[in-house]
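To start, the structure under review is shown below, and the notes come after it.
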Amino acid sequence: MPEQEEDLQQIEKKWQKKWEEMGLFKTGFNKDGEKCYVLSMYPYPSGVLHMGHVINYTIGDVIVRYKLLNGFDVLTPMGWDSFGLPAENAAIRTGQHPHDFTEKNIATMTRQMTRAGWGFDWDREVATSHNDYYRWNQWFFLKFYEKGLAEKKTAPVNWCESCMTVLANEQVKDGTCERCGSAVIQKDMSQWFFKMSQYSQRLLDGHDKLRGNWPESVIAMQEEWIGRSEGAKVVFKVKETGDELPIFTTRPDTIFGVTFMSLAPEHPLIEKLIADSPDKEKIMAEVKAMRASGTSAKDLADKEKVGVFTGCHVINPVNGKEAQLWVANFALMSYGTGAVMAVPAHDQRDFEFARKYDIPIKIVIQPEGETLNPDEMTEAYTAPGIMINSAQFDGKVNTESMSDIITWIADSGFGEGTINYRLRDWLISRQRYWGTPIPVIYCPDCGTVPVPESDLPVLLPTDVVFKGDGNPLETSESFVNCTCPKCGAAAKRETDTMDTFVDSSWYFLRFCDPKNTNAPFDKELLNKLMPVDQYIGGIEHATMHLIYARFFTMVLNDLGLIDFDEPFKRLFCQGMVCKTAYRCDNCKWLYIDDVEFENEEAKSKTGGTVGKCKKCGKDGVSAEMTKISKTKLNIVDPDKMFDRVGTDAVRLYMLSDAPPDRMQVWSESGLNGAWRTISRLRLTVDEWLESGNLSGESTVAASTLDQQNNDLLRKTHQCIKAVTEAIEGGFHFNTAIARCNELLNLLRQLMGAKSDIDGRVARVVIETILRILCPIIPHLSEDMWEKLGHNKSIFTSGWPEADEELAKESTIEIPVQINGKVKARINIAPDADIKSMQNIALADSRIKELTDGQNIFKVIAVPGKMVNLVVKG
RNA sequence: GCCGGGGUGGCGGAACGGCAGACGCGAGAGAUUCAAAAUCUCUUAUCCAUUAGGGUGUGCGGGUUCAAAUCCCGCCCCCGGCACCA
């Protein structure tokens, strides 16, 4: 560990100041270069920097610096996602105003982020809780409203009892609140929505542009979330009441097999259907029980299928047959039409339901050469087969007849072919204070009136009370009471605020023009700077932020405000930071210091038992590699790490072990290794400077060198080539670092052997390593670069170029195999032809010996790779 | 169940048709030191011979090929996402 921590921090500060002075991270630094917008997801200002931020912003910063070295004009902004619940909860707890709480946290985190040395253009900083930002949320809302894309409607919504607010579908995980983990209930409420479902198909189509540049998994998650399915809408009629009951099905081929129909418990028609039933009360009680039984994943998964017969029947339009009409707990009001035609023979859910309630099962699809018997079936038959009992479709293969059936249904007036999406409208209302007020006024005479553009922003009032029971905004008289902009009558203001995902749906646009007071941004500036060339963030935003932002961008494009419809050209998702956590059966999670390891090896184990608990003495403490978290007592404080080894060593370690999209394992000893690597590099520079043998020249002709120096020079160019490919091929910084280590090891080995290294070659080697590693260890690279006599920043030195000629080997060693097993090695010219390779291989003494008296059937030679002899005894 | 990503030494990982284990961590031995830390050198997949060499090895079972961790077929396991979606 470093002895000169003071020194390290001085060096870091010195160079951060220098970069600031030279405007390294300002747009226009490489003003003739092609633009490159590198964006790391902005943080919520929690007040504490955690390792997730560190990996995210380190990757972003390395890319920024790499692009700068490659001559790009880089845009690297940063800001704050500063509206949201934690500030408000803190206000309820401590009485501190959310604004003060937020500003304090922003100040703390700015300090931490600056200290980390991440290159952001702070002149472009935005905070979404400032009214010069959120006023434009309101402005966009008005535009959406004009276009009919913002709408207030009463709908069953997700309500979190603990957060006291509604949640968007995307914010409900396994039936619990994504934020606080408590149960989410369904409630009918009148709420504001953005009509995102209208964009389902476009969101899906847009993926074609992103494929190859976005992680496959994120695209897959979005596709799943949007949930397109093709099928048909068919209108059934209720025999008893004459009501029309449309259903959506993806299996119109089974429509002749309908034996009952399921309605969602929330279906609006239920009350009317059972109005005349003698069992009315009883049925309604069961329906209510179904509605009440939770929506949490656990409930759903183990929930048995239950239902109640309404006493009514539906008429199947295709054959006029009657079928019982049931209410069933597995039918969802939120998908399709809330009514499902049930074909128990060919759908597993319907099958289970029919068996339970003794409803007939009718076969309409038969596996080829078999005859299904409804009484003996143990599960639904869902594979392809031959249609039977299906009128004119009998004898056809169901999967091939799908479109014919849909055409027939449409032509006969029974329904139509249709596409259904799982994606629903985006609920943006939140019953909270710390967010953007929705700019709407309710007038007793004029109804819902949008706030005129000229009256924006609608500011958050300060005369509010935070008690924790309901929306604090409602406690502000000055806010709620207003006059109608249309007629001047006394009116009430909307007290719902916007989901904070509205803020993050366009912050990347504001970064292009952060100070604009006349508009959210200037279109021409956006045309120059957008789209984001490289976006970096966590995968947890796959179906929330990344869908909302794409939707928002498409709407702004339709409104003519921007000229592109996909905001993020390339997306990179970093892996989680994990660390071994220890657990004792008695004492639960343990700090590593409370574990008595059974042996040295146990210290590096990432699973199984490792030793004794120091607290209670119990044996069998288990180790587990898991995401860093407070509860598992395996957190790492970035600030402490920076103090101990400096930010560069932390950065180097974060990137050196695994590719950055994989899980990162945090270990103290690994960090020490990174520190050692840096120390060796610094030592090497110092030794050369002290020796006085280092040349001032950094160009050297290979022809003037002896073999050893020539070799060193060649390895240097091979290193440049390999590193460039590793970075361009998907940010494989781990192998890039490994290549530099190899080169440094080689140099130090020669130095140790007191070899006669040419001073010019030494300079080339050292400077190449520094120029390659400077995006990763920027402060110390600059420091060494300066020591080597440079008076301009290393970041103006450009990315080193590999000289293909110099990188070429004069001879290479390749293996000679006999029947696929390596038996000897030979030296050949890298461009030796097959014939000469064969000759050299066959002339090798060891090969001669081994093939003596054998028949050589075949000699395979792959130029530049290997020779294989096929031999039989 | 479906979708995505994985399974390689004690550990993180490299190689992605052509020498398996780069680089780093850990461990062992030695050098230096009064001593420790730091640093440096060597060893480190495994088994047999241990001098030379030989066998076995990339989750499991098959296949293609002169050659497979890599390609194909069939399984198993781990991580992440979705899941009564009609």
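A few remarks follow.
- Residue-span extension gain [A:LYS792 to A:TRP408] - 0.36 nm each, minus C-alpha spacing: 130.6 nm
- On Cα atoms only, tilt of A:638-656 relative to the major axis of chain A in degrees: 90
- When only alpha carbons are used to place a centre, region A:650-671 and region A:697-748 end up 23 Å from one another.
- Candidate aspartates and glutamates for bridging to A:LYS715, where Cα separation is under 18 Å - those fewer than 8 sequence places away on the same chain excluded: A:ASP706, A:GLU725, A:GLU742, A:ASP756, A:ASP758, A:GLU767, A:GLU801, A:ASP803, A:GLU804, A:GLU805, A:GLU809, A:GLU813
- Note on A:ASP469 and A:ASP756: the extension gain reaches 95.4 nm, defined as 0.36 nm multiplied by sequence separation minus the Cα-Cα distance.
- Cα coordinate range in region A:1-136, projected on the principal axes (Å, largest first): 49, 46, 25
- With Cα atoms, 0 to 90° folded angle of helix A:834-843 axis to chain A main axis: 60
- Computed from Cα atoms, the angle from the helix A:131-146 axis to the main principal axis of chain A rounds to 40 degrees.
- Residue order for A:PHE642, A:PHE309, fewest other beta carbons within 10 angstrom first, comes to A:PHE309, A:PHE642.
- Exposure proxy ranking, count of Cβ atoms within 10 Å, fewest first, for A:TRP799, A:TRP118: A:TRP799, A:TRP118
- Linear extension gain, A:ASN527 paired with A:ASN557, 0.36 nm per residue minus alpha-carbon span: 9.6 nm
- Cα-Cα over 31 Å, subset of A:LYS13/A:LYS104; A:LYS288/A:LYS630; A:LYS152/A:LYS467; A:LYS143/A:LYS209; A:LYS26/A:LYS787; A:LYS152/A:LYS282: A:LYS288/A:LYS630; A:LYS152/A:LYS282
- Euclidean distance between Cα centres, region A:559-603 to region A:123-174, Å: 30
- In chain A, helical runs assigned H by DSSP with n ≥ 4 each contribute -39500 (n - 2.57); averaged across all residues and rounded to the nearest 500, the mean residue ellipticity at 222 nm is -11000 deg cm²/dmol.
- Under 5 Å from the amide H of A:ILE428 lie the amide H atoms of A:TRP192, A:PHE193, A:PHE194, each residue being 5 or more positions distant or on a separate chain, with H modelled from the backbone and absent for Pro and chain starts.
- Note on A:GLU624 and A:ARG228: the model spin-label points, each 7 Å out from Cα along the C-beta direction, lie 4.0 nm apart.
- Summarising the amide proton neighbourhood of A:CYS312: residues at separation of 5 or more, or on other chains, whose placed amide H is nearer than 5 Å comprise A:LEU325.
- Over 55 Å [Cα-Cα, chain A], rounded percent: 31
- Using θ = phi - 60° and Karplus 6.51 cos²θ - 1.76 cosθ + 1.60, couplings along region A:744-761 (whole Hz; Gly, Pro as x): 5, 4, 4, 4, 5, 5, 5, 4, x, 7, 6, 6, 8, 8, 5, x, 6, 5
- Cβ-Cβ FRET estimate between A:PHE564 and A:LYS486, R0 fixed at 35 Å, reported to 0.05: 0.45
- Inter-label distance, nm, simple model (7 Å from Cα along the C-beta direction), A:ARG846/A:GLU379: 5.7
- A:LYS821-A:GLN708 FRET efficiency (beta carbon distance; Förster radius 25 Å; 0.05 resolution): 0.15
- In sequence order, calculated HN-Hα J values of region A:606-622 (Karplus, 6.51, -1.76, 1.60; Hz; x Gly/Pro): 10, x, x, 8, 10, x, 9, 8, 5, 6, 10, x, 6, 7, x, 5, 9
- Inter-label distance, nm, simple model (7 Å from Cα along the C-beta direction), A:GLU161/A:ASN734: 4.6
- Number of Lys pairs (Cα under 22 Å; 8 or more positions apart or on different chains) in region A:807-872: 20
- Efficiency of FRET from Cβ geometry, A:GLU146 and A:LYS640, R₀ 45 Å, rounded to 0.05: 0.30
- Taking amide H as placed 1.01 Å from N in the peptide plane, A:ALA127 has its amide H under 5 Å from the amide H of A:TRP80, each at least 5 places away in sequence or on another chain.
- A:LEU842, A:LEU427 arranged by Cβ crowding within 10 Å, fewest neighbours leading: A:LEU842, A:LEU427
- Label-zone membership for region A:84-106, site A:CYS180, 7 angstrom Cα→C-beta point, backbone N under 20 Å: A:84-99, A:101-102
- Restriction of the GluC sites (Glu not before Pro) in region A:435-535 to DSSP coil positions whose beta-carbon has at most 13 other beta-carbons within 10 angstrom yields no sites.
- For A:LYS614, the aspartates and glutamates whose Cα comes closer than 15 Å to its Cα, not counting residues fewer than 8 places off in the same chain, are A:ASP585, A:ASP593, A:ASP594, A:GLU596, A:GLU598.
- Antiparallel beta bridges, as assigned by DSSP with both residues in chain A, represent about 80 percent of the total such bridges.
- Zone residues, region A:254-281, relative to A:THR241, backbone N less than 20 Å from point 7 Å out along Cα-to-Cβ: A:260-281
- Whole-Hz couplings from phi, Karplus 6.51/-1.76/1.60, listed for region A:515-521; x for Gly and Pro: 9, 4, 9, 9, 7, x, 5
Readers should treat all values here as calculations from the given coordinates under stated rules, not as data from a laboratory. Everything quoted here is computed from the prediction, not taken from an experiment. So basically every Cβ, Gly included, is an ideal-geometry build from the backbone, and we count neighbours across all protein chains shown.
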